[in-house]
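Engineer: Supplied in structure tokens, the structure appears directly below.
The values are calculated or read from the model by the stated rules, or taken from the named source; none is laboratory data. Given the structure is predicted, the values throughout are model-derived calculations rather than measurements. Don't worry about glycine lacking a Cβ; one is built from the backbone with ideal geometry, like all the others, and counts go over all protein chains shown. In case anyone asks, the SASA skips ligands and DNA or RNA and just uses the protein heavy atoms, side chains included. Shrake-Rupley method; radii C 1.70, N 1.55, O 1.52, S 1.80 Å.
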Amino acid sequence: MRRLLIALGFTVAYLQLGCSDAPTEVSVDEATETQQEPAQAKQQGDTPYVLQPTERAKATLDVDHTRPLAKDSVTAERSFTPMSNEAHWVTLKSGQTVSSLLSKQGFSSQQIANLAIALRKVVPLNKLQAGSIIAIDEVAGQRQVSLAGEYAIRVDALLRGDDWQVTKTKVPTRIEVAEHAIVINHSLYGDGAAAGIPGDVINSALLALSHFIDFQRQVYSGNRFEVVFERTLVTEDEALFAHQQAPLKPTYLRFKNSDDDLRLYRYNDAFYLEDGRLAESFLLKTPLNGARLSSHYGQRKHPLLGYTRMHKGIDFSAPAGTPIMAAGNATVKRADWYSTYGNAVVLQHDDGYETLYAHLKGFASDIKPGVKVKQGQVIGFLGNTGLSQARHLHYEVYKNGKSVNPLNLKKLTTERLAGQELAQFIAFVEGLEDRTMRLAQFASGDSAIYLPPLTAEAR
């Protein structure tokens, strides 16, 4: 009878894991979901880092998340300790199951099942990508499994019996600075990518500069763009994080055309102009990236109705599915089917402003009436719904119920540094003058990568 009860117990455990096989194997299926993500950059001589998209498959593990955590699997922080020289590094291959990978390392099915449960809120095993590295080490006579959590956070699971004690460790990092300059021939995004500037950096720059530049009407061949950005790189256990993109942060932007010479400096995690004004406008000029202005504000002949009427917004043409961003901080007023607008989002801003985004393919998750959104947050995706002849975004702005031309809005925020904080910022900008002057001498396509001096804190 006792053997029967034990056997039944194991059967229940595997049913909780979604297993259809015998108790000797935990079922882990390979999902064929295709993603495009920047791969880890590599440096070759003086060639700048270039992040290329790649396809990765996910390995999934079905686990019953209602099962309580083991008592000794509480996650805690601990100081960094390097992996031992005897650590064994294994790679999750495409088509391989997590359980088969770990079982080949001598772990039992019960231990693997318990590991999935212990890690469910830290590194869910069903989200491990093919190419992920797992390190297996021995600590104080106990086996330990280590994986990458967030970038530069190592997650260690120490085996005790059949249960696991999970801890997090901050891995040492260093900062790498990259500088690029380009003269635009076709588009800022296309020319920037061709020059080796990572896509995430270009997108961040576009968002910051969109407060001042209409990228549909004010960007021409011969305009100049400069950028300085930081990349955070781990200095230990690099293999664990090789499948993740290192965090990127633009710190200086310059855009020069015939009318403007804008210089934006990141300070206290926000961009400021040289005089200490916050480099933000009340509403973005362009609520999506990589689009073409296809129809202006004013009277026009409707392409479907066939007669002339007031066009109360502007239209942007872009590929279906292009993310649409909130033009400013707001509360969602509606997000549903809205008559001839098709799928539409209406946002309520301060000072009596409203913005409308129409003909969407769909809405971003959690976008519904009453939800607060931040400027630049994705609220939906470009489509061709409602009374629409082709895929595009129809964008309208209202002030106290009256439509206004979005391209004529020039309202900037009034926030500005003052007092001691302004003095510190001015000193900060002056300290960068030699670097920015040197960058201004770069020819189009020139770049430089270097390690900044250590700060007192880093020492």
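Engineer: Taking 7 Å along the Cα-to-C-beta vector as the label spot, tell me the A87-S221 distance in nanometres, rounded to one decimal.
Structural biologist: Inter-label distance under the simple model: 5.3 nm.
Engineer: What percentages make up the Cα-Cα pair-distance distribution of region 320-399 when the bins are 5 Å wide from 0?
Structural biologist: Using 5 Å bins, I get a P(r) of 4, 19, 30, 27, 15, 5, 1 for region 320-399.
Engineer: Just reorder L273, L451, L207 by solvent-accessible area, largest first, 1.4 Å probe, all chains present. Let's see the in-between values first.
Structural biologist: Values: L273 15, L451 105, L207 55 Å².
In descending accessible area the options line up as L451, L207, L273.
Engineer: Still on this model: Sort D261, D434 by accessible area with a 1.4 Å probe, largest first. Write down the numbers at each step before the final one.
Structural biologist: Numbers: D261 65, D434 125 Å².
Output order, biggest surface exposure first: D434, D261.
Engineer: Rounded to the nearest 0.05, what FRET efficiency do E430 and S100 give with R0 = 51 Å and r taken as the Cβ-Cβ distance? Could you check? Mind showing how you got there, number by number?
Structural biologist: On the way: r = 60 Å, r/R0 = 1.17.
E between E430 and S100, to the nearest 0.05, is 0.30.
Engineer: Quote the accessible area belonging to M437 in square angstrom, nearest 10, computed with a 1.4 Å probe and with ligands, DNA and RNA left uncounted.
Structural biologist: Number for this one is 110 Å².
Engineer: Got a sec? What order do S100, S281, S221, S204 fall in by accessible area at 1.4 Å, biggest, i.e. largest, first? The partial results should precede the final answer.
Structural biologist: On the way: S100 30, S281 10, S221 85, S204 50 Å².
Order by accessible area, largest first: S221, S204, S100, S281.
Engineer: Still on this structure: Can you give the accessible area of H394, probe radius 1.4 Å, in Å² rounded to 10?
Structural biologist: Its accessible surface works out to 10 Å², give or take rounding.
Engineer: Calculate the FRET efficiency for D162 and K333 from the Cβ-Cβ distance with a Förster distance of 56 Å, rounded to the nearest 0.05.
Structural biologist: In this case the efficiency is close to 0.55.
Engineer: Okay, which of region 255-281 sit inside 11 Å, backbone N to the point 7 Å along the Cα-Cβ direction of L422?
Structural biologist: 275-277
Engineer: Please give the solvent-accessible surface of W89 in Å², to the nearest 10, using a probe radius of 1.4 Å with every protein chain present.
Structural biologist: Rounded to the nearest 10, the figure is 100 Å².
Engineer: About the Cα centre of region 233-285, what is the dipole size in debye to 20, counting +1 per Lys and Arg Cβ and -1 per Asp and Glu Cβ, all else neutral?
Structural biologist: 220
Engineer: Take T251 and D200, extend 7 Å from each Cα along the Cα→Cβ direction, and tell me the distance between the two endpoints in nm.
Structural biologist: Here the modelled spin labels are 1.7 nm apart.
Engineer: Another question, if that's okay. Quick check: at a probe of 1.4 Å, how many percent of the accessible area of region 313-354 sits on carbon and sulfur atoms? Provide the component values of the computation, followed by the final result.
Structural biologist: On the way: 730 of 1550 Å².
Answer for region 313-354 is 47 percent, counting heavy atoms of protein chains only.
Engineer: Would you mind working out the accessible area per residue for region 323-383, using a 1.4 Å probe, and quoting it in Å²?
Structural biologist: Per residue, region 323-383 has an accessible area of 44 Å².
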